[in-house]
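The values are calculated or read from the model by the stated rules, or taken from the named source; none is laboratory data. It should be emphasised that the depicted structure is a prediction, and the values quoted were computed from it without experimental measurement. Quick reminder, even Gly has a Cβ in these numbers, built from the backbone with ideal geometry, and neighbours come from all protein chains shown. The accessibility values were calculated without ligands, DNA or RNA, using every heavy atom of the protein model including side chains. Shrake-Rupley method; radii C 1.70, N 1.55, O 1.52, S 1.80 Å.
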Amino acid sequence: KKLAVNCVINPLTAIHGVKNGELLNCQFRYLGRSLDYVMNHILEEVSAVAMIDIESQFFECTPKSSGNCTDITLMKSASQQLSLPILKYFVTDVMSKTADNVSSMLQDVRSERVTEVRLLNGYVVDSGFNKYNVECPWNKHLCEAVEAL
């Protein structure tokens, strides 16, 4: 969940030069799209990569004959926690609770330091494509946009 929060809040605040809570402004637009639209696409990519990663680890580690109900329950729980509605609620809640905060990525941009965008959104892009052949265009675009600042 923390990766999801950071993949949304950090690059968007850095690109727009705003505090976390200002992203909740109903007038927010990115590439002509609403925050809701943008956040859905970013989080869909984060969720897809995370779920594939969890499922691949689960099937690698679980003996086919074990039928371990605890493992299956944990995987179902992870699947629910990484669903789009849960992630979206969590990210929005963090935006609200940290409304007056300046994200670390925005601080880095303002100080002309290298940002963590490649460690956050870049991780989603690289894991998605290199490990699972899943394209993550929104996270890729955010990497490029932040690096262009």
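Table for the structure above
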{"read-out": "Tally, over region 90-138, of residues that are hydrophobic (A, V, I, L, M, F, W, C), surrounded by 15 or more Cβ atoms within 10 Å (Cβ to Cβ) and part of a loop (DSSP other than H, G, I, E, B)", "value": "3"}
{"read-out": "Lone qualifier among 49, 18 - being surrounded by 13 or more Cβ atoms within 10 Å (Cβ to Cβ), among the hydrophobic types (A, V, I, L, M, F, W, C) and over 16 Å from the mean Cα position of the chain (by Cα)", "value": "18"}
{"read-out": "Residue in region 25-34 that is assigned to a helix (DSSP H, G or I) and open to solvent by less than 50 Å² (accessible area, probe 1.4 Å) present", "value": "no"}
{"read-out": "Where a residue in region 89-114 is under 17 Å from residue 2 (Cα atoms) and of a type in the set (Ser, Thr, Tyr) and its partner, wherever it lies, is buried (at least 18 other Cβ atoms within 10 Å of the Cβ) and at pLDDT below 95, with Cβ under 6 Å and at least six apart", "value": "none"}
{"read-out": "Residue pairs meeting the criteria (Cβ under 6 Å; at least 6 apart or on separate chains; first closer than 16 Å to residue 41 by Cβ, in region 119-131; second of a type in the set (A, V, I, L, M) and assigned to a helix (DSSP H, G or I))", "value": "121/142; 124/46; 124/49; 128/49"}
{"read-out": "Region 139-149, residues that are open to solvent by 70 Å² or more (accessible area, probe 1.4 Å), not basic (Lys, Arg) and not in a loop (DSSP other than H, G, I, E, B)", "value": "144, 147"}
{"read-out": "Unmet criterion (only one of (1) out of contact with any Leu (no Cβ under 8 Å at 6 or more places or on another chain); (2) at pLDDT 95 or above) for residue 109", "value": "(1)"}
{"read-out": "Per-region count, region 46-75, residues at pLDDT 85 or above and out of contact with any Lys or Arg (no Cβ under 9 Å at 6 or more places or on another chain)", "value": "4"}
